[in-house]
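Everything below concerns the one structure shown next.
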Amino acid sequence: MLSLKNNLNNQCGSYVVQVIDAPLQLVWSIIRRFEKPQIYKKFIKNCTMLSGNGEIGSIREVQVVSGLPASVSIERLDQLDDETHTMSFSMVGGDHALKNYQSTITLHEGEDDGDQYGKTILVEAYVVDVPKDNTKEDVCLFVETILRCNHRSLVWVVEKTASSSSDDSV
Ligand code: A8S
């Protein structure tokens with residue numbers, strides 16, 4: 001994988017790719033709901049809007065489940081594009097160590113291999129500051145572990161929705 005881990009002195013970043021066995025519009029309908037990250041992010045206990053209601057510039061406060069090194073994160077929606085299926089947010093506060101974290105999710109239509117329901121390729125790219133006493137590798141590993149859990153749970157949620165809606169149509 002192309003490594004962006006040495007791109008800037010005090011920041012690190014990379015990306016995680018997930019193939020999802022469900023149509024892009026279904027995946028997008030979940031990703032675009034900035035006010036409801038807990039639908040698929042299993043570390044999030046609840047989400048309260050501090051400003052706005054899901055449009056660009058909205059601010060949310062997420063509470064994370066216990067057992068993690070943090071309890072709250074304040075996040076701003078920077079980009080939401082229904083044409084290019086792009087959503088970006090930044091962490092602007094909270095009691096966690098991920099300073100200046102920014103993530104961008106883009107969805108791409110998977111190749112048509114005869115699968116009638118279609119496939120979606122999700123790419124999530126991120127950058128974040130590396131705290132003074134940490135290495136880039138440790139910070140990237142921490143972030144990517146969370147992103148992979150989120151993506152796996154997203155797969156579970158959308159594939160479940162896709163198969164129950166196709167069951168309904170039979
Ligand atoms: C996301 C991505 C990340 C979330 C991290 C990396 C976080 O919510 C968790 C633990 C932390 O220590 C930091 O898309 C923070 O949500 C699960 C509270 C920000």
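The values are calculated or read from the model by the stated rules, or taken from the named source; none is laboratory data. All values derive from a computational prediction rather than experimental measurement. Note that we place each Cβ from the backbone using ideal geometry, even for glycine, and neighbour counts take in every protein chain shown.
What the table shows:
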item	result
Test: residue in the stretch 153-161 that is at pLDDT below 95, under 21 Å from Lys36 (Cβ atoms), away from the ligand (no atom under 16 Å from the Cβ) and of a type in the set (Ser, Thr, Tyr)	yes
Residue identified as free of Cβ contacts under 8 Å to residues at least 60 places away in the same chain, in contact with a Ser or Thr (Cβ under 8 Å, 6 or more places away or on another chain), more than 10 Å from the ligand (Cβ to nearest atom) and within 21 Å of Lys42 (Cα to Cα) among Met87, Met91	Met87
All positions within the stretch 118-152 that are assigned to a strand (DSSP E or B) and within 11 Å of the ligand (Cβ to nearest atom)	Glu124, Tyr126, Val128
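A quick yes/no check of all residues on (1) more than 11 Å from the ligand (Cβ to nearest atom); (2) aromatic (Phe, Trp, Tyr); (3) closer than 23 Å to Leu122 by Cβ:
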{"site": "Leu24", "(1), (2), (3)": "yes, no, yes"}
{"site": "Ile31", "(1), (2), (3)": "no, no, yes"}
{"site": "Ile39", "(1), (2), (3)": "yes, no, yes"}
{"site": "Gly57", "(1), (2), (3)": "yes, no, no"}
{"site": "Gln63", "(1), (2), (3)": "no, no, no"}
{"site": "Gln102", "(1), (2), (3)": "no, no, yes"}
